[in-house]
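The values are calculated or read from the model by the stated rules, or taken from the named source; none is laboratory data. Model, not experiment: these values are computed from the prediction. Glycine also receives a Cβ, built like all others from the backbone with ideal geometry; neighbour counts cover every protein chain displayed. Accessible surface is based on the protein model in full, side chains and every heavy atom, while ligands, DNA and RNA are left aside. Shrake-Rupley method; radii C 1.70, N 1.55, O 1.52, S 1.80 Å.
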Amino acid sequence: MSVQSAAADVDVDLRQLFASLARNWLRIVLVTLVVTGLAFAFAWLATPQYKAVAKLEIGPRESVFTRPAGSTSDDKPATDEEAVATEVQIISSPDILKKVAADLNLDKLPEFDEALRMSALSRALVLVGLKSDPFDIPPEERVLNAMHDKLNVYGVEKSRVIAVEFSSKDPKLAAQVADAIAQAYLASKGNAKKESNTAATGFLGPEITDLQNRVKEAEAKVAAYRAQSDLLMGGNNSVLATQQLSELSTELSRVRANRAAAEATADSVRKALQNGGTLDSVPEVLSSELIQRLLERQVELRTNIADLSTTLLDNHPRIRALKSQLADLEGQIRNEGQKILKGLATQAQTAKAREDQLVEEVNQLKAASARAGEQQVQLDALQRDANAQRQQLESYMASYREAASRADRNYLPVDARLLSKVQVPTEPYFPKIGPITGAAAAASLLLMAIGTLLKELFSGRAMRPAAGARFEPIEQVAMPVTRTEPMVAEAEDEDIGVAEGQIRHSAAATDAEAAEPAEVEAPEGRRSRLGEIDVDKAAQKLIASGASRAIFVSPEGDEAAATAVLVAREVSDAGLRVLLLDLTASGAASRPMLESGLFPGITNLLASEAQFSDVIHPDLYSDAHVIPVGTADPVRAMRAADRLPIIMQSLTTAYDLVVVECGPADAQGISRLVGDGTEVFLSMLEADDEVTQAAVKLIESGYPDVTLVTPVGHEPGNPLPGRRSAA
């Protein structure tokens, strides 16, 4: 069973709960009327406050016609939420507020300087130390603190607009201060731009002078190096040596091509002459006019020979003459071919000589071009340095002229503007009599209703047994009865007499109510002689003394353990939060309080198998809680017995009273359980030697205030609604 199961058999009677509102209507109405009247008086008597608002738009104000050359609108940083938040902090900065306070002479107004007009009540509070003395704060700081309290600067959501709100008893003053703060902010932005512009011109002037000198020096170095290195520039902006090298390379390629062509032609002519072949296929031979005429004559002779051969024999003089002419003609052709071959050879030799000459010149120009290239690299480096410095000089001069012109014309646009002129408020924003009075009435009515319902609910009058709840009969708690044997003689034993005197002395030392008569009438008409008290008196003693721990020792065993149970229930019925801790070996104290003996308990807690919420269970017949023995291994649990003081300290923090049933334990056994506010009780059923000896040992072991308590004759009261009876 969990702790929440204690209320499983009860339900909330809603009719009874809400009927409490009707029973207490007069009190609810009276409290509501009183609170409403007080709220109305406060709103009526409160000094009205007026609030004026100035709105500023944050954004670039530069015109496209006045924007510096080379800059675009993309150069401006975006006005995001962080930028608006930054401007909000600037508007509420002390510098701007100090300027506004000085311009409007706010330090002479009591509204902004409490020290100018302190009431008698304020002076009295300062004297008794309940209020800080305003004279301990400098006047300027007092005015700033008052302005901060009345000022509210915030960015309007999803826009680049900043609202400046200022409240005051004087509506005109509220408007003046709000407008002055906005104007002071705009002026501060203009001054910041002016300072930036002045700083720029102050920086650029000396830099431009220095750059002009450096540009002159750099260009002079370029000219001097150019003259020293004799770098002549040709066409296409290249060095003359490099251009000549390019031209000679082109000429060399042409000469090499001509030489190769002449050699090839001469070779083909030579091969034709050597092999006796015809020269008709050689283009250079065919291009000769003489050879062309000889070839034409050769063809003509062959034609004539062929015509005559048809009628004449080969030995005919005519044919022999033609053949002789043909042979001479072929010799002439070959001689002309030899001449052409010699001409081609001469041409090839001339081209070879020209080629050699060009190669020599190219090699010379290569060396000159290499030297010129190295010099050109150095010259280019000097030229780049001079160009870079000149570009920087031109940029600085353009910026300087721009800044100087803006300063001369006093044109410094601020990146903000006032959206509209501040209006003087006509109605106060505080106090609103209607809303304040209505809210006070509604809140007081609601709180009184809730308080009445909670009071009815916690009192138990709104609780009823749950519908359909069944109560099964359970085993009744057996109450001990007195024995009928005759009383033992007073002088039975000397040790018993000594113990009896000590116990009577201890009982007399308790509070008056718990130790009224030393002898209590027993049910059988006999009188006790050990000074024990009953369950009711033990409960009264614990309540009166305010004890947080009650240690019960039962030397007679499990039957006497019922005393701790009855005392715990009596104290719980009195309205205290009570928990019973069962440390008996058999669970005799907790078993009658629960439905079963198999619930987790103190052994499980010591063995670290459960937490507090798992081992605390509700009593079946009272509002008390109980921690049973548990189901863990006792040997393992006793190894952690040193944790008992910590557990007891935690329980006494959560409960008004912790009752511990220790069984037949001795003084050493209960030493871990004793702490501040502890009462030690000895449970007894009969006044025998066992009880007397246990009491004597406790007294001798340092517990002189031990109290004997007996359950004999106790009648349990009526159980709570919804709980099962124990009898």
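I want to make sure I understand the PRE zone here: with the label point 7 angstrom from the Cα of Ala407 toward its beta carbon, which residues in region 163-201 have backbone N atoms less than 14 Å away? Those under the cut-off are 193-201.
With r as the distance between the Cβ atoms of Ala381 and Val359 and R0 = 30 Å, compute the FRET efficiency 1/(1 + (r/R0)^6) and round to 0.05. Working shown, then result.
Details: r = 34 Å, r/R0 = 1.12.
Here the calculated transfer efficiency is 0.35.
Computed from label points 7 Å out along Cα-Cβ, the spacing between Met638 and Ala41 is 7.2 nm.
Taking 23 Å as the straight-line reach from the Cα of Lys99, the lysines in range (excluding those fewer than 8 positions away in the same chain) are Lys51, Lys55, Lys108, Lys150, Lys169, Lys172, Lys189, Lys193, Lys194, Lys421. Within the full protein context, the accessible area of Phe612 is estimated at about 70 Å² for a probe radius of 1.4 Å. Using a probe of 1.4 angstrom, how much of the accessible area of region 597-715 is carbon and sulfur, in percent? That share works out to 49 percent. Cα centroids of region 560-602 and region 93-117: 73 Å apart.
By accessible area of protein heavy atoms, probe 1.4 Å, what ranking do Asp582, Asp536 get, highest first? Numbers along the way, then the final one.
Numbers: Asp582 0, Asp536 60 Å².
Largest to smallest exposure gives the sequence Asp536, Asp582.
Couplings 3J(HN,Hα) for region 143-154, derived from phi with the Karplus relation 6.51 cos²θ - 1.76 cosθ + 1.60 (θ = phi - 60°), are 5, 5, 4, 5, 5, 4, 5, 8, 9, 9, 10, 8 Hz, where x marks Gly and Pro. The heavy atoms of Asp314 present about 90 square angstrom of accessible area, all protein chains included, probe 1.4 Å. Take Asp558: with every protein chain present and a 1.4 Å probe, its accessible area is about 80 Å². For Leu21 and Asp103, a Förster radius of 56 Å and the Cβ-Cβ distance give a FRET efficiency of 0.40, rounded to the nearest 0.05.
Keeping the other protein chains in place, figure out the carbon and sulfur percent of the accessible area of region 300-353, with a 1.4 Å probe.
Details: 1860 of 3620 Å².
Ligands and nucleic acids excluded, carbon and sulfur give 51 percent.
Label reach from Leu116 (point 7 Å along Cα→C-beta): in region 82-101, amide nitrogens under 17 Å belong to 98-101.
Under the simplified labelling scheme, the Thr209-Phe612 pair shows an inter-label distance of 8.4 nm, with each label point 7 Å from Cα along Cα→Cβ. Put a dot 7 Å past the Cα of Leu454, heading toward its Cβ, do the same for Arg302, and the two dots end up 14.2 nm apart.
Here the Karplus curve 6.51 cos²θ - 1.76 cosθ + 1.60, taken at θ = phi - 60°, turns the phi angles of region 627-641 into couplings of 10, x, 5, x, 10, 7, 5, x, 5, 5, 5, 5, 5, 9, 5 Hz, with x standing for Gly and Pro. Applying 0.36 nm per residue to the separation of Ser420 and Lys221 and subtracting their alpha-carbon distance, the gain on full extension is 65.4 nm. Computed on protein heavy atoms with a 1.4 Å probe, the accessible areas place Thr603, Thr310, Thr86 in the order Thr310, Thr86, Thr603, largest first. Taking amide hydrogens as placed 1.01 Å from N in the peptide plane, the amide H of Ala589 sits under 5 Å from those of Thr584, each at least 5 positions away in sequence or on another chain.
Solvent exposure of region 137-176 amounts to 53 Å² per residue of accessible area, where only protein heavy atoms count and the probe is 1.4 Å.
Mind giving me the FRET efficiency for Asn191 and Val31? R0 is 56 Å, r the Cβ-Cβ distance, nearest 0.05 is fine. Intermediate values should be presented prior to the final figure.
Numbers: r = 60 Å, r/R0 = 1.07.
Efficiency for this residue pair is about 0.40.
Summarising the amide proton neighbourhood of Gly601: residues at separation of 5 or more, or on other chains, whose placed amide H is nearer than 5 Å comprise Gly630, Thr631, Ala632. Once the 1.4 Å probe is applied to the protein heavy atoms, region 558-662 comes out at 39 Å² accessible per residue. Test of understanding: extend the Cα→C-beta vector of Val156 to 7 Å, then name every residue of region 40-57 with backbone N under 20 Å from that spot. Residues 51-57 fall inside that zone. Placing Arg259, Arg639, Arg672, Arg302 in order of accessible area, with the largest value first and a 1.4 Å probe, yields Arg639, Arg302, Arg672, Arg259.
Under 1.5 on a/c is rounded, so check that first for region 584-727, then, if it is not, pick prolate when a/b is larger than b/c and oblate when it is not; a ≥ b ≥ c are the square roots of the alpha carbon gyration tensor eigenvalues. Intermediate values should be presented prior to the final figure.
On the way: a/c = 1.69, a/b = 1.10, b/c = 1.54.
Cα axes put region 584-727 in the oblate bin.
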